[in-house]
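Worksheet: one structure, shown below.
The values are calculated or read from the model by the stated rules, or taken from the named source; none is laboratory data. Here the structure is a predicted model, which is why all the values come from computation and not from measurement. For neighbour counting, all protein chains shown are included, and Cβ atoms are generated from backbone atoms with ideal geometry for every residue, glycine included. Note: accessible area is taken over every heavy atom of the protein model, side chains too, but ligands, DNA and RNA are not part of it. Shrake-Rupley method; radii C 1.70, N 1.55, O 1.52, S 1.80 Å.
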Amino acid sequence: GAGEGGWKRKGAEVGGRREAVYESSNFNKNSYIMIVDTLANASKYFSVHPLFAKAFEYIQQTDMKSAESGKSDIAEGLKAIISNGPGKAKEASLSKFECHNKNIDIQFCISGNETIGWKPREKCVTENGDYNPEKDVQLYNEQPDMYFQLNSGQFAIFFPEDVHAPMIGEGMIKKLVI
């Protein structure tokens, strides 16, 4: 099941509230395992993390095209952020070339064409400021090793090992981040 394989639930204090954080005792910190796929294949990844099934269930049961921008709670340990805005230039996105120490991002493209820069954290050397524990964000002043594109119905899963620069593109991009 999703809870097997060394995953341990730990409590974390975030913004004055207690949140669920999952850590793996057998997770190889030196591997980067970003996932890019289509929503049709989401069930293949349910066993990767105990909350992935709930996250993808939310995506499939919500009318994303008419969903309003904003933040909402899906379940314990899961938050959804829907944004709808113009794509950014590479330079603007790279100023927030980010990764997370505790959280995993599922970034789902609702509409538009989004380019994302990516680099494994182990290759990043120059931090751009201190780690922000409240937002669980570490920024880097680096160049991505690669860029890839998400189109409507596609998603990327970023683990703590994945430094990413999203929202690069022209035109409007509507997306969901869990």
Some residue of the stretch 54-61 being open to solvent by less than 90 Å² (accessible area, probe 1.4 Å), of a type outside the set (A, V, I, L, M) and out of contact with any strand residue (DSSP E or B) (no Cβ under 9 Å at 6 or more places or on another chain): no
Search result, residues across the stretch 80-99 that are of a type in the set (Gly, Ala, Ser) and under 30 Å from Gln60 (Cβ atoms): Ala80, Ser83, Gly85, Gly87, Ser93
Where a residue in the stretch 126-142 is closer than 19 Å to Val177 by Cβ and its partner, wherever it lies, is assigned to a loop (DSSP other than H, G, I, E, B) and β-branched (Val, Ile, Thr), with Cβ under 7 Å and at least six apart: Tyr140/Thr126
Pairs with Cβ under 8 Å, 6+ apart, first in the stretch 54-78 and under 19 Å from Lys44 (Cα atoms), second hydroxyl-bearing (Ser, Thr, Tyr): Phe56/Ser43; Phe56/Tyr45
Matching option when the condition is exposed (fewer than 13 other Cβ atoms within 10 Å of the Cβ), modelled with pLDDT of 50 or more and not basic (Lys, Arg), among Ser47, Ser31, Ser25: Ser31
Of all residues making up the stretch 157-175, the number that are aliphatic (A, V, I, L, M) and surrounded by fewer than 22 Cβ atoms within 10 Å (Cβ to Cβ): 2
The lone exception for Val125 - which of (1) of a type in the set (Val, Ile, Thr); (2) open to solvent by 70 Å² or more (accessible area, probe 1.4 Å); (3) within 27 Å of Ile59 (Cα to Cα) it fails: (3)
